[in-house]
Amino acid sequence: MVEFAIYTAASYRVMIKLGISKVSARQTISDIGWDVYASLMRLSSLPFRLATRDPAKRLRWTIQALLRFPFTAPGAPGYAVKHWSDDQNIYTHFTHCPPQSFVRKLVQETGDQGDMDAFYDSWCLYDTPGSDVIANDGQRGHYRRKQTLSRGDPVCDMCWAAQIDPPDRRVANG
């Protein structure tokens with residue numbers, strides 16, 4: 001996964017160097033990244049979307065598979081994640097994210113050119129629509145998160161929810 005963060009950071013910095021505005025560069029990188037992420041979510045969730053029409057099972061089984069790979073891939077320092085579930089939700093609390101750590105180190109060593117914002121826009125915002133791809137029930141709002149490492153919080157506190165909250169109870173992502 002760090003390799004994708006390298007591509008993200010390098011592409012963003014090249015676009016900035018070529019005179020493209022930071023906002024346009026972030027949006028372009030985010031749009032391209034979403035295409036890749038959505039394809040990976042469709043592929044990762046395909047067996048489970050074929051096996052059941054229950055969005056709770058689709059989410060649970062897909063997230064459990066992703067927690068085996070790539071989120072427990074060997075190698076230091078690796079991801080650090082605690083996870084648990086109840087009847088309708090899977091909770092994943094990441095306290096270490098190698099792609100985010102790579103970009104943060106890049107910023108520390110070479111200066112900030114908006115890299116963390118580009119990372120956030122092109123990595124941290126995908127899970128909200130990605131959860132809807134996995135659930136594949138025509139509804140939106142299968143994901144909640146109040147904190148994220150890339151914004152300096154101590155944890156990415158993700159909740160993958162089969163049951164949709166009414167709009168007035170939803171918490172904004174990030």
**Request:** Would you check which residues across the stretch 92-113 are surrounded by 17 or more Cβ atoms within 10 Å (Cβ to Cβ) and farther than 22 Å from Pro70 by Cα and list them?
**Result:** Leu106, Gln113
**Request:** Only residues that are among the hydroxyl-bearing types (Ser, Thr, Tyr) and either buried (at least 21 other Cβ atoms within 10 Å of the Cβ) or farther than 16 Å from Met41 by Cα (or both): list them for the stretch 125-154, please.
**Result:** Tyr126, Ser131, Tyr143, Thr148, Ser150
**Item:** Filtered residues of the stretch 77-115 (kept if closer than 17 Å to Arg151 by Cα and charged (D, E, K, R))
**Value:** Arg104, Lys105, Asp112, Asp115
**Asked** Taking the stretch 116-132, which residues are part of a helix (DSSP H, G or I) and either in contact with a helix residue (DSSP H, G or I) (Cβ under 7 Å, 6 or more places away or on another chain) or among the hydroxyl-bearing types (Ser, Thr, Tyr) (or both)?
**Response** Met116, Asp117, Ala118, Phe119, Tyr120, Asp121, Ser122, Trp123, Cys124, Thr128, Gly130, Ser131
**Request:** Scan the stretch 12-36 residue by residue and report those that are within 21 Å of the chain's Cα centre (by Cα) and hydroxyl-bearing (Ser, Thr, Tyr).
**Result:** Tyr12, Ser24, Thr28, Ser30
**Unmet criterion (only one of (1) of a type in the set (D, E, K, R); (2) loosely packed, with under 15 Cβ neighbours inside 10 Å; (3) out of contact with any strand residue (DSSP E or B) (no Cβ under 6 Å at 6 or more places or on another chain)) for Arg58** = (2)
**Message:** With the structure loaded, tell me whether Ala51 is surrounded by 14 or more Cβ atoms within 10 Å (Cβ to Cβ) and at pLDDT 90 or above or whether it fails that test.
**Reply:** no
**Fill in**
Checked Ala5, Ala9 against criteria (touching a Pro at 6+ places or on another chain (Cβ under 9 Å), closer than 19 Å to Gly152 by Cβ, hydrophobic (A, V, I, L, M, F, W, C) and crowded, with 17+ Cβ neighbours inside 10 Å); the one match is Ala5
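The values are calculated or read from the model by the stated rules, or taken from the named source; none is laboratory data. Since the model is a prediction, treat every value here as computed from it, not as a measurement. Reconstructed Cβ throughout: ideal geometry from the backbone, glycine too, with neighbour counts over all protein chains shown.
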